[in-house]
Amino acid sequence: SELKIAVMSTSLPTPAQCVRVHVAAAASGRKRALCKDSSWAGERAPLEAEKNQDADEILLADESGEGLLEGLVTNFFVIDHEGVLITAKEHVLEGHMRALVIHTWQAQGGRVSYTTPTLSEASSWKAAFLTSAVRLPQPISEICWPHVAGAPSHKFSDFAPVLEFQSLVQQALDE
């Protein structure tokens with residue numbers, strides 16, 4: 001039998017202006033977050049089914065329900081009011097784009113905190129964004145906790161920091 005390998009290469013699509021995300025209820029992240037695992041497609045199906053028309057992505061919460069780990073197919077980042085980039089270190093897929101985002105942030109003199117962003121800290125966030133293997137940093141307009149009684153959504157209105165950073169990541173990709 002003959003082994004065939006096909007490769008397709010295209011430019012990254014121009015991202016939408018911003019996305020709206022929902023936080024999944026009682027999710028505890030992926031079983032094998034450190035590697036791409038084909039079983040994840042089936043495991044996330046019930047969460048995909050929960051996603052309504054208002055949400056572009058679902059964020060997975062840690063076991064406490066307080067910490068935000070990553071999206072179903074994206075990495076999650078927060079920029080706090082002091083300009084620190086915050087992202088979970090454990091229970092997330094550490095892909096190429098995530099590494100490039102962190103490297104580019106640090107190359108610009110920015111600090112990175114490898115701590116899991118939490119619901120209780122949302123008021124201290126200046127901006128938040130998602131990335132993936134095919135997604136440059138994309139600003140989040142709103143994070144909703146539809147399954148947490150009394151939890152307000154958190155809205156972001158200043159997309160400039162993420163959009164400016166998005167162009168720096170694009171430049172790093174082009175080099």
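The values are calculated or read from the model by the stated rules, or taken from the named source; none is laboratory data. As the structure is a computational prediction, the values presented were derived from the model and not from experiment. Cβ: placed from backbone, ideal geometry, glycine included. Neighbour counts: every protein chain shown. Just so you know, the surface numbers come from the protein's heavy atoms only, side chains and all, with ligands and any DNA or RNA stripped out. Shrake-Rupley method; radii C 1.70, N 1.55, O 1.52, S 1.80 Å.
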(Q) Taking the condition of being over 14 Å from GLU142 (Cα atoms) and in contact with a strand residue (DSSP E or B) (Cβ under 6 Å, 6 or more places away or on another chain), how many residues in segment 50-61 meet it? (A) 3
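For residues in segment 91-106 being open to solvent by 70 Å² or more (accessible area, probe 1.4 Å) and without any contact (Cβ under 8 Å) to a residue 40 or more places away in the chain, which is farthest from the chain's Cα centre (by Cα)?
GLN106
Based on this model, can you work out whether GLU142 counts as closer than 22 Å to GLU50 by Cα and either part of a loop (DSSP other than H, G, I, E, B) or modelled with pLDDT under 90 (or both)? Break it down into steps so the answer makes sense when it comes.
Numbers: closer than 22 Å to GLU50 by Cα: yes; either part of a loop (DSSP other than H, G, I, E, B) or modelled with pLDDT under 90 (or both): yes.
Here the answer is yes, as GLU142 does meet what is asked.
Which one is modelled with the highest pLDDT among residues in segment 150-167 that are within 20 Å of HIS81 (Cβ to Cβ) and out of contact with any strand residue (DSSP E or B) (no Cβ under 6 Å at 6 or more places or on another chain)?
Initial filter on segment 150-167 (within 20 Å of HIS81 (Cβ to Cβ)): 152-166.
Now restrict to residues that are out of contact with any strand residue (DSSP E or B) (no Cβ under 6 Å at 6 or more places or on another chain): 152, 157-158, 160, 163-164.
Numbers: PRO152: 66, SER157: 85, ASP158: 86, ALA160: 88, LEU163: 88, GLU164: 91.
Once the filter is applied, the top-ranked residue is GLU164.
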Q. Of ALA33, ALA88, ALA99, which residue is modelled with pLDDT under 80 and of a type in the set (A, V, I, L, M)?
A. ALA33
Q: Output the number of the condition that GLY65 fails; it satisfies all remaining conditions of (1) farther than 19 Å from ASP158 by Cα; (2) open to solvent by less than 60 Å² (accessible area, probe 1.4 Å); (3) not in a loop (DSSP other than H, G, I, E, B).
A: (3)
Q.
So, in segment 137-147, how many residues would count as being open to solvent by 10 Å² or more (accessible area, probe 1.4 Å) and within 20 Å of ASP62 (Cα to Cα)?
A. 5
Q) Does LYS126 qualify as being assigned to a strand (DSSP E or B), among the charged types (D, E, K, R) and under 21 Å from LEU69 (Cβ atoms)? A) yes
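Of all residues in segment 74-94, which are in contact with a helix residue (DSSP H, G or I) (Cβ under 7 Å, 6 or more places away or on another chain) and either outside any loop (DSSP other than H, G, I, E, B) or among the acidic types (Asp, Glu) (or both)?
Matches in segment 74-94: ASN75, PHE77, ILE79, ASP80, LEU85.
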Q. Does VAL101 satisfy the criteria of being in a helix (DSSP H, G or I), touching a strand residue (DSSP E or B) at 6+ places or on another chain (Cβ under 8 Å) and under 25 Å from SER157 (Cβ atoms)?
A. yes
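Residues VAL112, VAL134, VAL162: which one is among the aliphatic types (A, V, I, L, M), closer than 17 Å to ASP56 by Cβ and open to solvent by 20 Å² or more (accessible area, probe 1.4 Å)? Break it down into steps so the answer makes sense when it comes.
Details: VAL112 fails: closer than 17 Å to ASP56 by Cβ; VAL162 fails: open to solvent by 20 Å² or more (accessible area, probe 1.4 Å).
Just one listed residue meets the conditions, VAL134.
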